[in-house]
Amino acid sequence: MILSIESSCDDSAIAITEIATKKVLYHKKISQEEEHSCYGGVVPELASRLHAVTLPKLLEETKPYFDKLKAVAVTNQPGLGVTLLEGIAMAKTLATLQDIPLISVHHLKGHIYSLFIEKETLFPLLVLLISGGHTQVIRVESFEHMEILATSIDDSVGESFDKCAKMMGLGYPGGPLIEALARKGDENRFDLPVPLRNSPLIAFSLSGLKNAVRLKVEALGGSDKMSEQDRADLSASFQKAVKLHLLQKSKKIFAKEEIKDFAIVGGASANKYIRNAYEKLCSEFGKTLHVAPLEYCSDNAAMIGRYAIEAYEKQQFIDPNEIDIASTKKQQSGMLL
Ligand code: KG4
Ligand code: ZN
């Protein structure tokens, strides 16, 4: 069995996965959404202190599995430095005390492997990753070969939902709140710009749209003066612009890429409005859409464990004295590996 730890942002999670069957035997996550809600976003120092309390509680529950552990896996990049270090410290200690190998996991690869929890891998695959930290399209040929085809030049999709929710006086995380409000709203009431609509760039951009939402909130007299209907209409109009942007750029990629299997992963892939839009796009282009089970869309340790099974089979271990929060230089150069 592999014990996996995730603490890259505001979720403390631990999973136990059986290597031979790929089955998740234990998974628990303690989210800090409530604690960060009044700030409208994650406060790193607070998040790190909360991990220091919650991770040991979860670890305690996994003690019955300790004598069957073959390896410990932990997210080491990308994420908030101070929160990653909490998980890393725990993983290093456990690997040393149990005398078992340590596996470092790239969080975004973990999201990709959320598709294969309790399943076999499926490659090649085109992946749209929409999370709080990233917005990317990745061509995944195999465990070793992943290439970023498009990325955001500024904010991520999840972040834009969170910031727009904050501007409208909603809580955190903004994604589920905006999606729920949007169901009651008129998506055509506010004319918001579809980002990079006239640009040949195959990239994403959310900051201009976020600013356009800010101007609408100001024009309505600020979040305090907005009615429930204003909030619902603005949420729906914003969500529609995000959808049109994602679809427009995805179409350009679909026209070039022959890979038949397409997946959406990351926290924002839980959004049903976006999922439905991709369902239609995929059938137009003869592609099959894959998504992870809802409980594994947002950050979790089961996806870290699933990736770790592949790393374990390839004996890709790291010395506990050498593990660190790695730099993202390679990622910026367009390669995940
Ligand atoms: O993958 P994730 O849990 O964390 C990162 O790796 O960043 O993603 C969290 C993000 C948050 O920004 C949250 O607002 C967004 O995913 N999110 C959503 C929805 N559910 C979560 N965004 C849009 N619609 C949703 N239903
Ligand atoms: Zn994530």
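The values are calculated or read from the model by the stated rules, or taken from the named source; none is laboratory data. Just so it is clear, the structure is predicted and the values come from calculations on it, not from any experiment. No Cβ is skipped: glycine too gets one built from the backbone with ideal geometry, and neighbour counts run over all protein chains shown. SASA here: full protein model, heavy atoms, side chains in, ligands and nucleic acids out. Shrake-Rupley method; radii C 1.70, N 1.55, O 1.52, S 1.80 Å.
Might you check whether a residue that is in contact with a Pro (Cβ under 6 Å, 6 or more places away or on another chain), within 30 Å of Asn211 (Cβ to Cβ) and assigned to a loop (DSSP other than H, G, I, E, B) occurs anywhere in segment 244-259? No, segment 244-259 has no match at all. Among the residues of segment 278-299, some residue qualifies, meaning at least one is hydroxyl-bearing (Ser, Thr, Tyr), surrounded by fewer than 24 Cβ atoms within 10 Å (Cβ to Cβ) and free of Cβ contacts under 8 Å to residues at least 12 places away in the same chain.
So, Ser283, is that one closer than 23 Å to Leu170 by Cβ and away from ligand 1 (no atom under 13 Å from the Cβ) or not? No: the conditions fail for Ser283. When restricted to residues that are under 17 Å from the mean Cα position of the chain (by Cα), buried (at least 18 other Cβ atoms within 10 Å of the Cβ) and away from ligand 2 (no atom under 16 Å from the Cβ), segment 149-171 contains 2.
Among the residues that make up segment 68-76, is at least one of them of a type outside the set (Ser, Thr, Tyr), outside the structural domain of Ile323 (by TED's automatic domain parsing), within 16 Å of ligand 1 (Cβ to nearest atom) and not in a helix (DSSP H, G or I)?
Start the filter on segment 68-76 by keeping residues that are of a type outside the set (Ser, Thr, Tyr), which leaves 68-74, 76.
Filter once more, keeping what is outside the structural domain of Ile323 (by TED's automatic domain parsing): none.
No, segment 68-76 contains no residue that is of a type outside the set (Ser, Thr, Tyr), outside the structural domain of Ile323 (by TED's automatic domain parsing), within 16 Å of ligand 1 (Cβ to nearest atom) and not in a helix (DSSP H, G or I).
Of the residues making up segment 234-273, those that are within 16 Å of ligand 2 (Cβ to nearest atom) and either in contact with a Phe, Trp or Tyr (Cβ under 8 Å, 6 or more places away or on another chain) or under 21 Å from Arg139 (Cβ atoms) (or both) are Ala263, Ile264, Val265, Gly266, Ala268, Ser269. For segment 244-277, which residues satisfy the criterion of being over 28 Å from Lys163 (Cα atoms) and surrounded by fewer than 19 Cβ atoms within 10 Å (Cβ to Cβ)? Within segment 244-277, Ala255, Lys256, Glu257, Glu258, Ile259, Lys260, Asp261 qualify. Listed conditions (1) in contact with a Ser or Thr (Cβ under 7 Å, 6 or more places away or on another chain); (2) open to solvent by 20 Å² or more (accessible area, probe 1.4 Å); (3) modelled with pLDDT under 95 are all met by Ile323, apart from (2).
Out of the residues in segment 286-300 meeting the condition of being assigned to a loop (DSSP other than H, G, I, E, B) and more than 17 Å from Gly132 (Cβ to Cβ), tell me which one is farthest from ligand 1 (Cβ to nearest atom). For segment 286-300, the residue satisfying everything is Gly286.
Looking at segment 195-211, which of its residues are at negative phi and open to solvent by 20 Å² or more (accessible area, probe 1.4 Å)? Spell out the reasoning first.
Let us first name the residues in segment 195-211 that are at negative phi, namely 195, 197-211.
Of everything in segment 195-211, those that are at negative phi and open to solvent by 20 Å² or more (accessible area, probe 1.4 Å) turn out to be Arg197, Asn198, Ser199, Pro200, Leu201, Ile202, Ser207, Gly208, Lys210, Asn211.
Within segment 85-108, the set of residues being within 12 Å of ligand 1 (Cβ to nearest atom) and assigned to a helix (DSSP H, G or I) comprises His107, Leu108.
Considering only residues that are at positive phi and more than 13 Å from the chain's Cα centre (by Cα), which ones fall in segment 254-302?
Filtering segment 254-302 down to residues at positive phi leaves 266, 286.
Answer for segment 254-302, where residues must be at positive phi and more than 13 Å from the chain's Cα centre (by Cα): just Gly286.
Selection of segment 21-59 for residues being in contact with a Phe, Trp or Tyr (Cβ under 8 Å, 6 or more places away or on another chain) and acidic (Asp, Glu) yields only Glu33.
Table: residues versus (1) among the aliphatic types (A, V, I, L, M); (2) touching a residue at least 24 places away in the same chain (Cβ under 8 Å).
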position	(1), (2)
Ser8	no, yes
Glu33	no, yes
Val43	yes, no
Ala52	yes, yes
Leu59	yes, yes
Asp67	no, no
Lys70	no, yes
Val74	yes, yes
Gln77	no, yes
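In contact with a Phe, Trp or Tyr (Cβ under 7 Å, 6 or more places away or on another chain) and away from ligand 2 (no atom under 16 Å from the Cβ) - does that describe any residue in segment 8-20? Checking segment 8-20: at least one residue is in contact with a Phe, Trp or Tyr (Cβ under 7 Å, 6 or more places away or on another chain) and away from ligand 2 (no atom under 16 Å from the Cβ).
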